Amino acid sequence: MEGVVVNSCDITERKGREQALEETKGRLESLFDESPDMINLHDADGNIIDPNPRLCEETGYDKSTLTGMAVWDIDERADPETARAHWQSMDQDDELTVEGRYRRKDGSTFPVEVHTRRHDMDDEARFIVVSRDISERKAREEQLEQFASVVSHDLRNPLHVAGANLELAREDCESDHLDRVEDAHERMSTLIDDLLQLARDGNQVNDAEAIDLATLVTECWQTVETEAATLRADSDCTVHADRSRLKQLFENLLRNAVEHGGESVTVTVGTLADGFYVQDDGPGVPAEIGDAVFEPGWSNLAEGTGFGLSIARKVADAHGWSLDYAATETGGARFEITGVEVTR
């Protein structure tokens, strides 16, 4: 019987692959155990298979207890029928993000952002869930809503009274002073509108839909006081976005271009590999200003509110996009929105 010849190089390579696999497995297990986020693995019926230490710590249950529970046993907002339907509709590596509310062992609850990814194992449907406590974010949102209510009631009411008295004053006399009072009232009203938009809309995005960019831009252009400005919509593409919020983004960027570029400015909206841009041929932004243009309240115009670009960036952030300023070779201003899934 002839002996079997074994190639030592093949054995070495196999051993190397096995070692690399074990090292990778070890790193993943370490990330799972030491993650600051709550993580669990569950099946298609919602049964928790493997919770990490952070989830145990945050909910107050030990690992053996959590392993015997279902997702809706800890998330009071999770509906079994709805959840199962969502999971069944997901393909391998699809992701789903929702907000939930986890219930601790002591009965207390806290808000969470839940990211679910389908990752089947051994022909069995499996779902990896990464959750994060968003109590601080929710507290800020509540404070903003309270602020918005105060702004809306406590500032608008006296402004309406002042406006009514201004009209009465005009009946008694005509004066340039009254014109300046009216201008001040209009500016205050605009500031209040912008503050409310920042406070109430924040980073919220509703259901996304397919939107033809050129059509939407043209619609937004009609709502902006464009004087003798010109629009070039070279954006032959479709994006998935919240239509209402995307309109806010474009209206503010277009208005900014006209206000800072001059009455006869040309504004171009075009596409990028991973997004789109709004560019004008005006004077642009001084280099030393940089990212400060996005700070709430910043404006180099006496009549500007300084909230337009801040609102536009919040809309981009809400969609998971990036909005940045980029100077052009001709000296104009260019705002690029990237991280967008563009369909041509």
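What the table shows:
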item	result
Residue within the stretch 206-215 that is at pLDDT below 85, assigned to a helix (DSSP H, G or I), in contact with a helix residue (DSSP H, G or I) (Cβ under 8 Å, 6 or more places away or on another chain) and under 30 Å from ALA139 (Cα atoms) present	no
Residue in the stretch 314-324 that is at pLDDT 85 or above, of a type in the set (Phe, Trp, Tyr) and crowded, with 17+ Cβ neighbours inside 10 Å present	yes
Residue in the stretch 174-191 that is part of a helix (DSSP H, G or I), touching a Ser or Thr at 6+ places or on another chain (Cβ under 6 Å) and over 26 Å from LEU272 (Cβ atoms) present	yes
All positions within the stretch 325-339 that are surrounded by 14 or more Cβ atoms within 10 Å (Cβ to Cβ), more than 18 Å from the chain's Cα centre (by Cα) and among the charged types (D, E, K, R)	ARG334
Residues of the stretch 259-278 classified as within 18 Å of LEU309 (Cβ to Cβ) and either surrounded by fewer than 23 Cβ atoms within 10 Å (Cβ to Cβ) or in contact (Cβ under 8 Å) with a residue 60 or more places away in the chain (or both), total	9
Whichever residue in the stretch 1-47 is surrounded by fewer than 11 Cβ atoms within 10 Å (Cβ to Cβ) and not in a helix (DSSP H, G or I) and, among such residues, is modelled with the highest pLDDT	PRO36
Counted residues, the stretch 144-158 - those being free of Cβ contacts under 8 Å to residues at least 40 places away in the same chain and surrounded by fewer than 14 Cβ atoms within 10 Å (Cβ to Cβ)	7
Where ASP236 falls short, out of the listed (1) under 21 Å from the mean Cα position of the chain (by Cα); (2) surrounded by fewer than 21 Cβ atoms within 10 Å (Cβ to Cβ); (3) within 22 Å of ILE211 (Cα to Cα); (4) modelled with pLDDT under 90	(1)
Residue ID - farthest from GLY308 (Cα to Cα), chosen from residues in the stretch 163-173 that are over 41 Å from the mean Cα position of the chain (by Cα) and assigned to a helix (DSSP H, G or I)	ASP172
Residues of the stretch 48-73 that turn out to be closer than 18 Å to PHE32 by Cβ and either open to solvent by 60 Å² or more (accessible area, probe 1.4 Å) or aliphatic (A, V, I, L, M) (or both), as a count	11
Any hit, the stretch 95-112, residues being farther than 28 Å from GLU136 by Cβ and free of Cβ contacts under 8 Å to residues at least 40 places away in the same chain	no
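The values are calculated or read from the model by the stated rules, or taken from the named source; none is laboratory data. Worth saying up front: this structure is predicted, and the values here are computed from it rather than measured. Glycine gets a Cβ as well: all are built from the backbone with ideal geometry, and neighbour counts include every protein chain shown. When the accessible area is computed, the model is the full protein with side chains, heavy atoms only, and any ligands, DNA or RNA have been set aside. Shrake-Rupley method; radii C 1.70, N 1.55, O 1.52, S 1.80 Å.
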